[in-house]
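Trainee: Have a look at this one before I ask anything.
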Amino acid sequence: MKKTYFFIILTGIILVLCFFACIFGSVDISELTSADKYILYNIRLPRVLMCIVAGATLAVCGGAYQAVFKNPLSDPYILGVSSGASLGASFAIVLGLDTLIIGVPLIAFVFALLTVALIMKLSRVGNRMHTTTLILAGISFNFLFSAIISLIMFIDREDMHKIYFWTMGSLSGIKYSDVIIVAFFTVLGYIMLRMLAKRMNALLLGDISAQSIGIDVEKTKKSILIVSTLMTSAVVSYCGVIGFVGLIVPHIIRLIVGGDNRKILPYSVFGGIIFMLLADILARTLASPNELPIGTITSIVGAPFFIYLLYNAKQKLHF
């Protein structure tokens, strides 16, 4: 029953945050005039729904990446996957593929998948992926992709504002159709990852131990990474790069509920939603009537958290 009560409390928190997210903004809609209703139903509600979907997706994917790489510092943003998807989206925009329904998401997914493949290749030493090399490779790709995106924006001034949208992360202009597309990938991906949760637990024991109990380690890792990358690229395609959600949320959840991924994944859904809703409310109210990019808010919170994790890892190695 305690578990049920906990889920009820988390759901209650999410509903309260959804209410505030719908009410707060540059325009006061407390009177619910016809104009207010239009803003509520056509601008703020789709945005809140995307917050729910994107937050859940990024948090779950972060938990999956941490299980595969056996590293609490792993998440789609740190490893350059989000930047790879953003670079793909930038190329799609320049080529005019943003007019197609799946043009941007498809190119973003391909680039994100290539990024994962390159990082895994670079970080592998023998039959193992070296943690330090993994993180350095991800950070290097982040810098590289950011530089290329900046170059694209310099060359293609006409599409600069669209590309800038991806790099900073924003939920402005979200439509119901966008939410439905991302939600499709989220639900499908979550179901697949939840089915792989036991295998994720086995991976944490080490590749040799996992193989000894009949787990096809390489196939399992590839399956998890492909599904997680697809989910991440879907979010990036419509919301841009929103960093550190997949780093912070699953790590905190793991400290609360333990290392069982069968618990981490569902609780990460709730944690990711709460984190994103809070970040979105802050993005729309801190500089009102102007709006801050939501990626800026998550990075302000996430960067110090990342430094803290690095410091902790250093202390453990030292002692």
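The values are calculated or read from the model by the stated rules, or taken from the named source; none is laboratory data. Owing to the predicted nature of the structure, the values given are computational and were not obtained by experimental measurement. For neighbour counting, all protein chains shown are included, and Cβ atoms are generated from backbone atoms with ideal geometry for every residue, glycine included. Protein only, heavy atoms only, side chains kept; ligands, DNA and RNA dropped before computing areas. Shrake-Rupley method; radii C 1.70, N 1.55, O 1.52, S 1.80 Å.
Per-residue answers, yes or no, for (1) within 23 Å of Cys239 (Cβ to Cβ); (2) β-branched (Val, Ile, Thr); (3) more than 22 Å from the chain's Cα centre (by Cα):
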position: Phe6; (1), (2), (3): no, no, yes
position: Ile13; (1), (2), (3): yes, yes, no
position: Lys37; (1), (2), (3): no, no, yes
position: Leu40; (1), (2), (3): yes, no, yes
position: Pro46; (1), (2), (3): yes, no, no
position: Met50; (1), (2), (3): yes, no, no
position: Leu58; (1), (2), (3): yes, no, no
position: Gly63; (1), (2), (3): yes, no, no
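Trainee: Please verify whether Gly240 is of a type outside the set (Ser, Thr, Tyr), at pLDDT below 85 and crowded, with 22+ Cβ neighbours inside 10 Å, treating the condition exactly as stated.
Mentor: yes
Trainee: Only one of Val81, Val53, Val110, Val94 is in contact (Cβ under 8 Å) with a residue 60 or more places away in the chain, open to solvent by 10 Å² or more (accessible area, probe 1.4 Å), over 16 Å from Gly189 (Cα atoms) and β-branched (Val, Ile, Thr); which?
Mentor: Val94
Trainee: Right, here's the next one. Would you point out which residue out of Ile163, Ile248, Ile174, Ile149 is part of a loop (DSSP other than H, G, I, E, B) and open to solvent by less than 20 Å² (accessible area, probe 1.4 Å)?
Mentor: From the options Ile163, Ile248, Ile174, Ile149, the qualifying one is Ile174.
Trainee: Could you list, in sequence order, all residues of the stretch 251-299 that are in contact (Cβ under 8 Å) with a residue 12 or more places away in the chain, outside any helix (DSSP H, G or I) and under 24 Å from Pro72 (Cβ atoms)?
Mentor: Those that are in contact (Cβ under 8 Å) with a residue 12 or more places away in the chain, outside any helix (DSSP H, G or I) and under 24 Å from Pro72 (Cβ atoms): Gly259, Asp260.
Trainee: One residue is enough: does the stretch 69-78 have a residue meeting the conditions assigned to a helix (DSSP H, G or I), out of contact with any strand residue (DSSP E or B) (no Cβ under 9 Å at 6 or more places or on another chain) and open to solvent by less than 10 Å² (accessible area, probe 1.4 Å)?
Mentor: Among the residues of the stretch 69-78, not one is assigned to a helix (DSSP H, G or I), out of contact with any strand residue (DSSP E or B) (no Cβ under 9 Å at 6 or more places or on another chain) and open to solvent by less than 10 Å² (accessible area, probe 1.4 Å), which makes the answer no.
Trainee: In the stretch 34-46, is there at least one residue being under 25 Å from Thr298 (Cα atoms) and in contact (Cβ under 8 Å) with a residue 60 or more places away in the chain?
Mentor: yes
Trainee: Here's a check for you: in the stretch 215-233, which residue that is modelled with pLDDT under 85 and in contact with a Gly (Cβ under 8 Å, 6 or more places away or on another chain) is nearest to Leu204 (Cα to Cα)?
Mentor: Once the filter is applied, the top-ranked residue is Leu230.
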